[in-house]
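S.K.: Dropping a structure here in C-alpha cells format, bear with me for questions.
Bear in mind these aren't lab numbers, they're just calculated from the coordinates by the rules spelled out. All figures in this text were calculated on a predicted structure; none of them were measured in a lab. Don't worry about glycine lacking a Cβ; one is built from the backbone with ideal geometry, like all the others, and counts go over all protein chains shown.
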Amino acid sequence: MFNIVLVEPQIPPNTGTIGRLCVNLGATLHLVKPLGFDIDDKAVTRAGLDYWKELDLVVWESFDEFLEAHPIDKYSHLATTKTDRLYFEVTYQKGDYLIFGSETKGIREDILLAHKDRCITIPMGAKGRSLNLGIAVGVVAYEALRQNYEGFEKITIANSLEEV
C-alpha cells in the first residue's frame, strides 16, 4: 500500500508501534540506520506485539543509501514541523514514500531545503512543539489510506454486531 520510512529512529517502542501499524496497513517499513536501539530490542517487539513477524521490513545502512535507491520525487512526502503545507492538502498514491525523521533531530535540513515542495506538516496548537513519532506516522498514513481506500484489503471481523 505505502512505504513508511523512519530515518534514524531513536525510541524502540515508537518503531514497534509503527511496525504494527504497517502490518495493519499493508505497508512496508523502511528503517534507516543508525538506529538508536538494536532491532531485536524487547521494547520494539513488545510494542509490535505478534505483528513484528508479519512486518515487511527493509533496513538501510544510511539515508544516502536509501536516497540512492529511492530519490525524492513526486511519490515522496517529507514530514516536518518546518513547513506550512498541511498533510491533508496533499494527494497520496499507493506506493508513496512517507518519510519521517528521528524523534530528536527530524529530517536533515539540507534535504528539506532541497525538496520544499515535498514537505508536509501536521497542524498543532501554539503550545505544542511536535507529536510522538508513532502518532505522526498514524495521522499521515491513515490520511493516505483514506484517499486510497478503494481496493484496500480489510481484515475480516469474525463476529459482526448482528451476531452479538
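S.K.: What percent antiparallel are the DSSP beta bridges of segment 3-163, to the nearest 5? Could you put the intermediate results ahead of the total?
M.R.: On the way: 1 of 22 bridges.
For segment 3-163, the DSSP antiparallel bridge percentage is about 5.
S.K.: Any chance you could count the Lys pairs in segment 6-123 whose alpha carbons are under 29 Å apart, treating pairs 8 or more apart or on different chains as valid?
M.R.: Count of close lysine pairs: 21.
S.K.: Using the per-residue mean of other Cβ atoms lying within 10 Å as a proxy for protection, in what order, highest first, do the peptides 112-122, 6-16, 64-74 fall?
M.R.: 6-16, 112-122, 64-74
S.K.: A further question on this structure: Using the Karplus curve 6.51 cos²θ - 1.76 cosθ + 1.60 with θ = phi - 60°, what ³J(HN,Hα) values do you get for each residue of segment 109-125, in whole Hz, with x for Gly and Pro?
M.R.: Karplus values, whole Hz, x for Gly and Pro: 4, 5, 5, 4, 5, 6, 9, 4, 6, 9, 7, 9, 9, 9, x, 9, x.
S.K.: Separate question: Output wanted: per-residue J couplings in Hz (rounded whole) for segment 57-74, from phi through Karplus 6.51 cos²θ - 1.76 cosθ + 1.60, θ = phi - 60°, x for Gly and Pro.
M.R.: With the stated coefficients, segment 57-74 comes to 10, 10, 10, 10, 6, 7, 5, 4, 5, 4, 5, 5, 7, 9, x, 5, 9, 5 Hz.
S.K.: Summing -39500 (n - 2.57) over the DSSP H runs of n ≥ 4 in the chain and dividing by its residue number, what mean residue ellipticity at 222 nm do you reach, to the nearest 500 deg cm²/dmol?
M.R.: When only DSSP H runs of four or more count, the value is -8500 deg cm²/dmol.
S.K.: Between (i) 168; (ii) 143; (iii) 96, which matches volume of the Cα convex hull per residue in Å³ calculated for the structure shown?
M.R.: (ii)
S.K.: Volume per residue, Å³, of the convex hull around the alpha-carbon atoms of segment 43-112?
M.R.: On the way: hull volume 10.0 nm³, N = 70.
Measuring per residue, one finds 143 Å³ for the Cα hull of segment 43-112.
S.K.: Non-local amide H neighbours of ASP96 (under 5 Å, H modeled in plane, Pro and chain starts lacking H): which ones?
M.R.: The list, which skips near neighbours in sequence, is ASN3.
S.K.: Taking the Cα centre of the chain as origin, work out the dipole magnitude from +1 charges on Lys and Arg Cβ and -1 charges on Asp and Glu Cβ, in debye rounded to 20.
M.R.: Using Cβ point charges on Lys, Arg, Asp and Glu, the chain gives about 540 debye.
S.K.: Sticking with this one: Under 5 Å between amide hydrogens, which residues at least 5 positions from TRP60 or on another chain qualify, with H placed 1.01 Å from N in the peptide plane?
M.R.: For TRP60, whose amide H was placed from the backbone, the distant partners under 5 Å are LEU31, VAL32, LYS33.
S.K.: Now for a different question. Nearest 10 degrees is fine. How inclined is helix 12-25 to the longest principal axis of the chain, computing both from alpha carbons?
M.R.: Approximately 60 degrees, to the nearest ten.
S.K.: What is the sum of charges, Lys and Arg at +1 and Asp and Glu at -1, for the other residues whose Cβ falls under 13 Å from the Cβ of ASN3?
M.R.: Summing Lys and Arg as +1 and Asp and Glu as -1 gives -2.
S.K.: Points 7 angstrom from Cα along the Cβ direction at LEU67 and ASN24: gap in nanometres?
M.R.: Those two pseudo-labels are separated by 3.3 nm.
S.K.: Could you give the angle, 0 to 90 degrees to the nearest 10, between helix 133-147's Cα long axis and the longest principal axis of the Cα atoms of the chain?
M.R.: With rounding to tens, the tilt is 70 degrees.
S.K.: According to a simple spin-label model (label point 7 Å from Cα along Cα-to-Cβ), what is the distance in nm between GLU54 and ARG108?
M.R.: Distance between label points: 3.6 nm.
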